[in-house]
Amino acid sequence: MTSKPKPSALFGKQGVCCVEIARVGYDVLQPWQRNAQIKGSGTACVLEDSQNLLTENTTQASRCRLLTNAHVVKSATDIRVRPHGSTRRFPAKIVVYAPDVDLALLEILGSNEAVDFEKVIGGKGLPMAEELPALQESVHVIGFPAGGSTICITEGVVSRIDFNNSRLVIQIDAALNPGNSGGPAFNAAGQVTGVAFNKSQQRNISNIGYLIPIAIVREFFRRCTYANRDNNVNYCIYELTPSIPYSYHTLENKSLRLSHEVPDDIHGVLLTSVCETVRGALSVGDVLTTIDNKPVADDGQVVLRGDELINHGYLLRGKTHQEHVKFEVYRDGILRQCPPVYL
């Protein structure tokens with residue numbers, strides 16, 4: 001008795017597309033000087049929640065939106081999208097560019113092209129995971145990396161969840177190469193758990209790649225607002241993610257604690273400068289002890305989940321649209337609850 005063949009990992013993944021770019025950069029010191037046109041490539045995908053950005057007044061041509069990395073389409077003058085399993089290249093344009101989270105949203109140009117594109121990808125996007133993946137959870141990344149012209153699958157495990165360069169990232173040991181950027185990473189359930197965007201460039205370090213967590217992608221969608229001008233031209237307003245509104249120093253040094261008269265039972269980080277937007281709540285010299293009732297350790301870390309720790313900055317950078325934050329500080333020998341602020 002013959003067994004049924006195992007389904008391909010590409011089954012149901014028609015929403016993964018190759019993105020071909022023509023770009024013309026410029027010198028920031030001489031912006032009137034244009035560089036020579038160069039070609040590039042990356043990966044994009046159609047996700048389920050990207051369709052929730054639609055308003056009642058949007059046209060059929062605006063219904064096909066693809067997610068990719070902002071650095072993939074930076075300075076692009078021409079964008080062509082080729083769905084997996086198709087030889088046709090569809091013209092596209094950038095409708096949302098978010099360098100703060102390295103994400104961008106593309107839109108298929110033309111009503112007829114949009115209809116044909118939806119038919120090719122099967123009319124629906126890829127499902128999205130609900131939570132961060134667990135450590136050592138298996139993931140496979142699909143994209144169009146260098147080394148060939150066809151779609152490629154690499155597999156690995158989640159090595160760590162980290163806060164790197166002011167953003168929450170998922171570190172994996174699957175091979176990521178130029179062209180993988182913007183490609184979806186799937187968990188064992190076939191849900192998109194992250195978007196590939198970077199790999200470690202340090203010497204003597206290998207098998208380290210980074211994903212943008214799907215939670216960041218969801219928040220990216222929520223920060224996009226579509227509207228129509230009077231001439232019925234659709235446009236998008238994107239609200240940047242909040243930055244960390246202060247600089248700080250860790251309080252692991254005993255001499256530093258003595259100089260600022262911080263008792264042994266008080267833990268947190270010492271604020272060295274504060275942004276104008278939060279000066280009604282925070283002051284220079286405060287010891288920040290909790291953020292939204294989550295204790296901050298002397299090295300600046302908080303509990304992510306279970307026994308996993310992460311830099312407290314992720315609590316601020318991960319704030320959703322119109323969500324306030326509550327700080328508790330140690331000031332003048334007293335623990336004080338600060339009024340809620342919006343970042």
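The values are calculated or read from the model by the stated rules, or taken from the named source; none is laboratory data. Remember, predicted model here, so these are calculated numbers, not experimental data. Cβ placement follows ideal geometry from the backbone for every residue including glycine, while neighbour counts extend to all protein chains displayed. Keep in mind that these areas ignore ligands, DNA and RNA; they rest on the heavy atoms of the full protein, side chains included. Shrake-Rupley method; radii C 1.70, N 1.55, O 1.52, S 1.80 Å.
Using helices alone, I'd like the mean residue ellipticity at 222 nm for the chain: each DSSP H run of four-plus residues gives -39500 (n - 2.57), total over residue count, nearest 500. Helices in the chain give a 222 nm mean residue ellipticity of -2500 deg cm²/dmol. Restricting the calculation to Cα atoms, every distinct pair contributes to the Kirkwood radius of the chain, found to be 22.2 Å. On a 0 to 90 degree scale, rounded to 10, what angle separates helix 111-121 from the longest Cα axis of the chain? That works out to roughly 80 degrees.
Per-residue SASA remark: GLU48, around 90 Å² accessible (1.4 Å probe; ligands, DNA and RNA not included).
Placing +1 on the Cβ of every Lys and Arg and -1 on the Cβ of every Asp and Glu, with no other charges, gives segment 57-186 a dipole of roughly 520 debye about its Cα centre.
Rounded to the nearest percent, how much of the accessible area of segment 207-299 (1.4 Å probe, protein heavy atoms only) is carbon and sulfur?
Carbon and sulfur: 50 percent of the exposed surface of segment 207-299.
Taking every protein chain into account, the accessible area of segment 79-201 amounts to 43 square angstrom per residue (probe 1.4 Å). Each Lys and Arg Cβ is given +1 and each Asp and Glu Cβ -1; about its Cα centre, the chain then shows a dipole of about 1300 debye.
When trypsin sites (Lys or Arg not before Pro) are flagged only if DSSP places them in a loop and at most 11 other Cβ atoms lie within 10 Å, the longest unflagged stretch of the chain comes out as 1-202.
Taking all protein chains as shown and a probe of 1.4 angstrom, ASP265 keeps an accessible surface of around 120 Å². Ordered by solvent-accessible area of protein heavy atoms (1.4 Å probe), largest first, the residues TYR248, TYR210 come out as TYR248, TYR210.
Computed from the Cβ-Cβ distance with R0 of 22 Å, the FRET efficiency linking THR77 to ASP27 stands at 0.85. Taking the chain as the region of interest, the number of lysine pairs whose Cα atoms are within less than 18 Å, with members eight or more places apart or on different chains, is 7. Modelled spin-label separation between ILE334 and SER247, with each label point placed 7 Å from Cα along the Cα-to-Cβ direction: 3.0 nm.
Only protein heavy atoms count here; under a 1.4 Å probe, ILE38 has an accessible surface of about 90 Å².
With all protein chains in place and ligands, DNA and RNA left out, the 1.4 Å accessible area ranks VAL287, VAL115 as VAL115, VAL287, largest first. Surface listing: GLU107, GLU252, GLU131 arranged by accessible area from highest to lowest gives GLU131, GLU252, GLU107, probe 1.4 Å. Multiplying the residue separation of ALA188 and LYS294 by 0.36 nm and removing their Cα-Cα distance gives an extension gain of 35.0 nm.
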